Each structure stands twice: as C-alpha cells, then as structure tokens.
Amino acid sequence: MSLFKIPTILLAVNSDWSHGFHHPLQGWDHLLTMIAVGIWAAQLRGVAIWMLPLTFVSVMSLGGLAGAASFALPSVEIIILLSGLVFSVFVVRKVRFTTRMNVLIVAFFAFFHGYVHGQEISASASLISYTLGFVIATLLLHGAGIAAARLMTLSFAFFLGSNVHAQETEVSATDTAEASVTTESKAGNNKGSVELEEMTITGRADSQVGIADSASQGNVGQAQLKYRPISRPGEVLETVPGLIATQHSGEGKANQYFLRGFNLDHGTDFLTQVDGVPVNQLSHSHGQGWTDTNFLIPELIETLDYKKGSNYAENGDFSSTGSANIHYFRELPQNIIKFTGGSFDYYRGMVAGSHKLGDGNLLYAGETVYNNGPWTVGNEYLKFNGVLRYSEEHGDHGWSITGMASKADWKSTDQIARRAVNQGIIGRFDALDPTDGGDSQRYSLTGEWHRQDAESETKLMTYGVYSKLNLFSNFTYFLDNNEFTNPTGCAGLASGKFDPTLLNTCGDQFSQPDDRWTTGLKGTHTLFHKIGAADSETTFGLQIRNDNIQNALTKTHAQKQYDITRQDTVWVTSISPYAENKTHWNDWLRTSLGVRFDGFRFDVSNSNVSQNNGERYDGLVSPKLGIVFGPWADTEFYLNGGLGYHSNDARGVLTTVDPATGDKLDSADPLVRTYSAEVGVRSTWVKGLQSTLAIWWLDIDSELLFVGDAGTTVASRPSRRYGLEFANYYSPTDWLTFDADLSFSHSRFRNDVLGEGNHIPNSVETVIAAGATFHDVYGGFFGGPRLRFFGPRTLIEDNSKRSESTLLVSAMLGYEINKNLSFQAEVFNILDRKNDTITYFYTSRLPGENSAGVDDFHFHPVEPLSFRLGFTAKF
C-alpha cells in the first residue's frame, strides 16, 4: 500500500511546486518588479548583484508565511503597484543609496510581494513546496534582469563603437511637423497686455509639464506615426493611450472602439475631429455617434491632440470618455509618392505634395486602396480618397480652405456563430451571409480664419459635409425570416443544411441607408489679461451644428429590399456657447474654470409610422474645473472634474410606437448627463522619460438608447466606471524610443435588477499597448515592433459568458537609401494567433435549429499572419 502512496505524494508535491513557480509569472506587477530588482542590482554592481536578490527572496518568504497565516495588512495592492513604479524609476534614473538603504528598500517591498503569494496558497497545498516554487521563479526573474542589464550594456557599447548615426539628416514633411501651442508667460508692453511665449509640441517626446491641463491630455506627432505598422486608418486613434480600434466586418465599415471601460460601438462617447470638424454622426442609421475614419490619409497627419474625460469646455457631445482632434499639414517640404502591396491582394497608392501658389501654399493628396482580405468571400474593398487645401499666413493672421472627398464600396464578412465553425458548417474565414456589404461617400468643404496679437486671439471656422452610406448586415441569420415566417422563400431550410443560395430569398439581412448634410460654425475669441499679478486668459466660444438626415431601416435579401421597418426625415440642430478661464496664479498653481451650455432641437418628420413624428427641445449646463499643482522636480499634479452628456438618437427621442410590433414605447431622454473626475500626475524627472498616471471615475445617468439594428429603443441602467491609466514614452537616445501604455478599468451598473447581474456587456477591462521605434541605424534602417493586448471582457450581465483576450504583435522594418528613396516592410500578427478581433454573445439561428434560436458566442477572427512591402519616393 505504501508503494502507491509515494507516487501520489510526489505528484502532490510537484503540483504544489508548480503552482508556486507559476504564480509570480502570471502578474505583470510581479514580473516588472522582480526583473527591475535584477537590473538595479546589476547597475549597482559589487555585493549588490547577489545581496539584493537574496534579500528579496528571503524576506518574501517571511511575507509568504504572514499571508498564509491570514494576517490582515492594509493597502497591499497599492504597495505592490508602487514597487513596480519605484524600482522602474531606480533603474531608469540609476539611483544609488548606501548598501544598507538598498537592502531595506528591497526588503520592504519583498515582504508585501510574499504576502500576496502566501494569501493565494491553497489550504491543502504544501507550504514548503509552494514557497520553494515561487522562490525559484523569483530568483530566475532576478537573473533575467541581471542578464538583460548586462546585454543592454554590451549592445550600447557595440552600437556606440560602430558609430551609429543617431540623428536624422534630412528635413522632411514628417520630421518638421510641429504643433504650435501658445501659453501666457510674462507681462508685456506698457499697456499691461500679456506677451505670449510660443512653445512647440512635436509629439509625445516633448514635455507638456507646464502646458497640459490634465494627466490624460497628450499629443502625438507624425514622428510617432511614420515608424508604426498601421493596417487601417482607424488605428491612428490607437495612439491615444488605452483606446482600441477593432473591426467586426472586414474593411469599409466604421471601426468598433473601446476606451475607459466602454464599448463605444462605432464612436458613441468619444469625440473625433479632423481640423475641428466633427466626424461623429448624430442619429445615424447604424448607431449614434458613427465615426468612419476611412477617409484619413495617415501621411498627412501633423499632430493628433487627445483629451480624456468631460473636463474641457470646448468639447460637448460624444466627449464623455474623451476626444481626439487630428490636424493635417498645411505645407509639405517634399512631395511624396508611395506604393504598398501585400498579402491577400492588398494594394495602396498615395501621392501628396505642396507648392507655392500666389501668397500661399497649395497642398494636395490622393490615395487609392484595394484589399481582398483573407475571407472566403473576398472583401473586394476599393477606396478613393482626395484632399485639396489652400492656405495663407500673413504674420499675425491667416486663413485656409480645405476640400476632402472619399468613396468606397465593399463586401462584408460579419461576425459568425462559433457553433457554425465548431460543427464544420463553415470555416473560420467564411461568411454565414455572403451577400452582406456596403458602399459609402463623404465630401467636405471647410473654411478657417485666425488672427492673434499680444492682447487677443480669434478663430473662426465653417464646414459642410455631405455623406452617404448603404449598409447591408445579417447578424442573426435565420432567426426572424425562416421557413415558418417565409415558407416560400425559405423552403430549402427544411432540409437543415446550410446553402448560401438560400440567402437570395431568405434570412434576416437588413439595410441601413443614411444620407445627410452636416453644416456647422465654430468661433472663439480669447483675451490675454491679468488677474492681479497673475497671467490669465479667458476664452468665449460658440459652436453651431445642423444635421439634415434621410435614413431608414429596411428588410432585404441579397441587398434587395422587400419591406421597410422604419423610414424617417431627421433634423437635429444644436447651439453651444461656452466660456473658459485659465489662470497661472504663481509658479506652482494653475487653474482652469469653464462652463458650457448645449441646446438641442430634435425633429422627426415623414416617418412611415406617423405617431413617431414630432419635435422636442432639451438643454444642459455643464461646468468644468481643473487645478494643476507644481511643477516640483519636473512633476505636476492634476485634479479635474466636470459634467458632460451625450445626445440620443432623434428617432429614439421621439419614438412612441415600436415600428415593428406597434407596441407603445417610452421615448428616450434627449440628453443624458455624465459625471467625470480625475486625479493624475505627469513627470519628466527621469531624463528622457515622459510618464503620466491618471485615476479616473465616470458615471452615466439612467437612459434609453435607440438601437439602429432594431429601429427601436431599449432601456439601459445607470452605470459607474473607474480605472487607472499609466502611460510612458522613453527616449534614451535620439534614434531609439520605447512606449508602454497600461489601462485598467472597472465597470458596473449602479442598480440591481432581479434575475440580472450588474456587469456591463463588452466593457473593456485591460488594455496594454507597447512598442519601440528606431531610425537612422546603420545608415538608414528604421521601424520597430508593436504589441497590443486587448483583455477578456464580460459579454452578458451576470458575467457567466466572457470573451477571450486578444494579443497581436506587428512590426515594421525599412531602409532609407537616400533622402529621396526608402523601402519598407510591415508584418501583422507575427505570432499568427487565432484570436478574435471582437466577440459577442446573443441569440441566432442556423438551418435546422429550434425556431427560438440558440444563444452562442459570435466572433470576427483576427487576420492571419500577413506582409506588406512598399517604397516611398520624395522629391
């Protein structure tokens, strides 16, 4: 009998050891701290190289005993997080203390790491085996840090010894990209005016200490974009820390966005602008806030300014989680011709340039893209983009006029039911409705004028946008239109076999046409003055927007309409005056105080359901406040708060009858209040490193939301979200940069409903984006790798169904032969992972299934490993 007990005991010991060994490897906070301790020990040299790791594991073991004994300790997680930050600063700054102090610091944090390990040990596990496992894993991580430090030292020695050219030798369109930022600085002339000191921000590498109003405000320049692998224009917005731009139907359609615990759908609650012109579309047929960025040409982007939270007076509708304003160049020092070809019949050609014309500059650009994708039913995505801009600058004033045009059409492979793949009905890249697709058009004209002197600044802008979309989708397959409701067209479903030809006369496909004119006016006037001895500026602004819309929800088969669910003429007008004061009280205190009013008129007419016609008005006042303390040691502290809102679809605001069933409905609230607050810090104390840390909170009131896919409204409970964002941009040399952005959020409904949970479906919890870029290495190499981690998400309210995480690694490598010619290669999904770009859980029906359908996961797969090669000519 004892012979059988020995292997069992050994197996248990091995299992406990394995659990202990793997535990430190499963949390980024443990990994970061333990590797950092190793690197720091290697930097200190001497006895520290063995004393610090041994101290860490010894004291960590004592902490493990305390955790296993269930001793209560406060703020453990905060100290764990702090340890990673502290040791990272020590490494980057190469901080040195006395040997005794080094040991005490390491011992302090090691105890808390051990405490966490000990708390998670199973009551039935062997304490000795478990402890031995995590001690060995920790020592290996320390060793990895020591080895990394030594390898880095050798690498730098090699590069420096090889005379690596570390600075760019040409002045190109992207290298000279600068966004002018004006701030008040000192008393001016004898009239008491304020003289402005001009400061320039070229991107994340430039300090915004003394400039930014919050920790979550930032700037991205062309210098950060041009070395990044970008598969589609919407990914430009992923330069905003914590934001994910994904896709659930191939190319052509607007991206799906995620930020700060929100599934933003196609743009709700994140305001996107191009040179101040809003991209988000009100009362769109497919979803409120529709943000289609496919008209963007990345090479023309000079800067992208982002701000998070509803804490800024100039931002109104859709900006509760944040905003991004993309600025195009006015002048390109060199003309550009670019061509790229790649996997799955991808081709892109782009021409851009600028020339002196009269007293100004004429900028032009054209782009065409074709992409078939890896899908069994080819995407056949064909897009044409064009830009024409004329601008003049005359010292203290200037103006510009810009025209843009975009046209595209495509076939879609929308999300598919996982059971269809598991049962072998279709493959991973197949479509359940091969007739889905769409086409879009967008044409815009913008005029802008500005002036500035020592006493004031004025900006005026008008814009007009015409856009049109025809979109055909089928997310539920045969749930509503089947052999029971359409016996003639769906007769073939009785066999229970999937036949794509059935979709010519059967199935749940619907169309969402949208045809609109959007016009608007924006104006600001800023006064530079003093409050006592303090420099101050006060801005008065006015924004007017008008949308005239014809849209509908129709039933189709193979893109042929056979019925109309609803059809409306929509007119939405908003008027938004605001005022904001920014004052620099002394060398350590700045404030911003603003207030904004938004008044809306919603009008629906010519509805196919006459009871849903009508007119409604609403308005909200939204105060904003920001306080900045510092800088001390190149570090500032921020406190921000404000009220915001988002508008609901005009059709939902005026709907009283369900257009599909005829049932009575409650109308949606026109404007839904949001509340946000943020505490943050920004530091450039470590040479070459820009770091920001923000802890944020956002509440949304109870609301009714219009669902474009159904043509009706659904109730949504009040919600609360809060989280942490940690963004870093490190430039150790002129030719090498690293960036790492980490975002964590917690999202819940604020009230309980019997039989439902309080989790918010598809609320993002964890986002990690990191990468490195280099340029002018060995005479002309440039590029770098990028990693994007999109964490698992709850899919239904009780959290019983969750998505898997998505991890993608991409890279670019190029070589600049001379100042006029360069070649580049991009590779996407290097690890060839079989993840999902997006996952949903809902009811759908396949042939032969119960008429009520089946609850299932529905997903859109990430594209497999793919390559793109191209060249860029400048002249």
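The values are calculated or read from the model by the stated rules, or taken from the named source; none is laboratory data. Worth saying up front: this structure is predicted, and the values here are computed from it rather than measured. Neighbour counts are summed over all protein chains in view; Cβ atoms, including those assigned to glycine, are modelled from backbone coordinates with ideal geometry. Side chains are part of the model used for accessible areas, which takes the heavy atoms of the whole protein and leaves out ligands, DNA and RNA. Shrake-Rupley method; radii C 1.70, N 1.55, O 1.52, S 1.80 Å.
Summary of computed values
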{"item": "Ser851 vs. criteria modelled with pLDDT under 95, under 27 Å from Asp265 (Cα atoms) and either hydroxyl-bearing (Ser, Thr, Tyr) or open to solvent by less than 20 Å² (accessible area, probe 1.4 Å) (or both)", "result": "no"}
{"item": "Matching residues in region 504-561 - criterion: being basic (Lys, Arg) and either farther than 30 Å from Asn586 by Cβ or without any contact (Cβ under 8 Å) to a residue 40 or more places away in the chain (or both)", "result": "Arg516, Lys522, Arg545, Lys555, Lys560"}
{"item": "Residue check for Ala677: modelled with pLDDT under 90 and small (Gly, Ala, Ser)", "result": "no"}
{"item": "Conditions (1) within 29 Å of Asp433 (Cβ to Cβ); (2) modelled with pLDDT of 95 or more; (3) surrounded by fewer than 19 Cβ atoms within 10 Å (Cβ to Cβ): number failed by Asp658", "result": "(2)"}
{"item": "Candidate set: region 254-308, residues that are touching a helix residue (DSSP H, G or I) at 6+ places or on another chain (Cβ under 7 Å) and open to solvent by 10 Å² or more (accessible area, probe 1.4 Å); chosen: the one farthest from Ile544 (Cα to Cα)", "result": "Pro298"}
{"item": "Residue that is farthest from Ile416 (Cα to Cα) [pool: residues in region 816-842 that are over 24 Å from the mean Cα position of the chain (by Cα) and surrounded by 16 or more Cβ atoms within 10 Å (Cβ to Cβ)]", "result": "Glu816"}
{"item": "Hey, Ala873 out of contact with any Gly (no Cβ under 7 Å at 6 or more places or on another chain), of a type in the set (A, V, I, L, M, F, W, C) and closer than 30 Å to Tyr347 by Cβ or not", "result": "yes"}
{"item": "Per-region count, region 488-523, residues basic (Lys, Arg) and either closer than 16 Å to Thr476 by Cα or at pLDDT 95 or above (or both)", "result": "2"}
{"item": "Residue match in region 667-675 (condition: open to solvent by 20 Å² or more (accessible area, probe 1.4 Å), of a type in the set (A, V, I, L, M, F, W, C) and closer than 21 Å to Ala579 by Cα)", "result": "no"}
{"item": "Lone qualifier among Leu813, Leu787 - being within 22 Å of the chain's Cα centre (by Cα) and either farther than 16 Å from Arg868 by Cα or aliphatic (A, V, I, L, M) (or both)", "result": "Leu787"}
{"item": "Unmet criterion (only one of (1) within 30 Å of Asn482 (Cβ to Cβ); (2) among the charged types (D, E, K, R); (3) out of contact with any Ser or Thr (no Cβ under 8 Å at 6 or more places or on another chain)) for Lys834", "result": "(1)"}
{"item": "Residues that are of a type in the set (Gly, Ala, Ser) and on the phi > 0 side of the Ramachandran plot, drawn from region 354-396", "result": "Gly358, Gly373, Gly395"}
{"item": "Pairs where the first residue, in region 352-373, is without any contact (Cβ under 8 Å) to a residue 40 or more places away in the chain and under 20 Å from Lys338 (Cβ atoms) and the second is in a strand (DSSP E or B) and β-branched (Val, Ile, Thr), C-beta under 6 Å, 6+ apart", "result": "Gly366/Val351"}
{"item": "Residue within region 463-477 that is open to solvent by 20 Å² or more (accessible area, probe 1.4 Å) and aliphatic (A, V, I, L, M) present", "result": "no"}
{"item": "Every residue from region 265-286 that is in a strand (DSSP E or B) and not polar (S, T, N, Q)", "result": "Phe270, Leu271, Val274, Val277, Pro278"}
{"item": "Positions within region 478-495 being in contact (Cβ under 8 Å) with a residue 60 or more places away in the chain and open to solvent by less than 30 Å² (accessible area, probe 1.4 Å), in sequence order", "result": "Phe478, Asn481, Asn482, Gly489, Leu493"}
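Residue by residue, here is whether (1) assigned to a strand (DSSP E or B); (2) at pLDDT below 95 holds:
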| position | (1), (2) |
| --- | --- |
| Ser622 | yes, no |
| Ile627 | yes, no |
| Pro631 | yes, yes |
| Leu643 | yes, no |
| Val653 | no, yes |
| Asp669 | no, yes |
